[in-house]
Amino acid sequence: MGSGKHTTGVILFDRVSSILELARGKVLRTVNQQMVLAYGLIGREIVLEIQQGAKRAEYGNRVIRELSEKLTNKYGPGYSVASLKGFRQFYVAFSDRFPQIPQIRYSSGSQFEVFESEGHFSDRLGWSHYRALMRIPKPEARLYYEQEAIACGWIVEELQRQIHTFTFERLQANQQKPVVTQSVPPVLAIPKALSPREVFKSPSILEFLTLPDLPLLHENQLEQAVIDNLQGFLLELGKGFAFVARQKQLRFEDQLYYVDLVFYNYLLKCFVLIDLKIGEISHQDVGQMDGYVRLFEDQHRIIGDNPTIGLILCSAKNHAVAKYSVLSENQQLFASQYLLYLPSEKELEQQIQKNRLQWEYRRNENSQHQEPSKHETNHPK
């Protein structure tokens, strides 16, 4: 009897404890959301005050300095001049979220009357997230990173890495339509349909693998490093990836073949085979991946899956191979370059621009091949 009562007490404690933890988490998220909104409102008041005063930088600096001293005396640390300038920058970056909020009015009794509003800021992101987001100059890029941070649960460090490695620009370079089409953060939802180009980034940046220079690197070392840093690799691959297998065996008659890595993407609803290559991609690499995809389709694809995708990750792309092989037209085979170091902003911009131009050239060339000639169009039936 005593043992049963003890067990019941433990189970009851666990249930009650879970309720309290959930409640505390919700309270913390609500507090974070309200503080983000409050910082934006403070920034709004600073902007309005400076705009109504003298049009001089000295005046603005004095306003912020005096406000900082008064707030620090009353509320303690956290309201330095740098912090208040950050609140102002935050408001300027997200000013479209605030017009519906009436300006704070001074009322009787020396009290401020604050108007409540949701402000369209997620309770899944804290002030540190928005402090990183507000420094992004392009509104469409800022919105993309905000949406992804909410949907993927990025911690601040991961958000900062995605920003510093130009994830938005790398995805945009491969696509025919904008990465972000909504003007406000959406309710979390899985997109109805995506193409591989909307998921894969190019180039892939794998600096977190901490591998030696390419001349000293072997493919098995690269594969092992990916397995050892699987979480980072999944994030760099894109959204919706789950690890399935390493060195997946495929049989054709009496021959055995091995695929380096196999993933499943629940957004694309298909398997993704990845072959890791050091050096330039070759026609042989393309033909080998084409064979892997065909074998995998026959042996492992099930009803409901979309066609299997093959992705060749190489340290250098051979553009002649990309143009004059099945890569140029095949919707199931892709090649992407990877970098084992974090490039400079200029280097990455140049690489992204190069990829964008090559993609647009291939797209235009393919569309011209598909268009019927005038003779064919006007030919009587």
- Arg251 vs. criteria of a type in the set (Lys, Arg) and at pLDDT 90 or above: yes
- Message: On the basis of being without any contact (Cβ under 8 Å) to a residue 12 or more places away in the chain and over 22 Å from Ser195 (Cα atoms), does Gln288 make the cut?
- Response: no
- Among the candidates Asn32, Asn73, residue that is out of contact with any Pro (no Cβ under 8 Å at 6 or more places or on another chain), at pLDDT 80 or above and loosely packed, with under 13 Cβ neighbours inside 10 Å: Asn73
- Identify the single condition in (1) at pLDDT below 90; (2) within 25 Å of the chain's Cα centre (by Cα); (3) assigned to a strand (DSSP E or B) that Ser202 does not satisfy, given that it satisfies every other one. (3)
- Scanning the stretch 203-246 residue by residue, the ones that are in contact (Cβ under 8 Å) with a residue 24 or more places away in the chain, farther than 21 Å from Glu347 by Cβ and not aliphatic (A, V, I, L, M) total 8
- When you go through Ala316, Ala335, Ala320 one by one, which is the residue that is among the aliphatic types (A, V, I, L, M) and at pLDDT below 80? Ala320
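The values are calculated or read from the model by the stated rules, or taken from the named source; none is laboratory data. Here the structure is a predicted model, which is why all the values come from computation and not from measurement. Note that each Cβ is placed from the backbone with ideal geometry, even for glycine, and that neighbours are counted across all protein chains shown.
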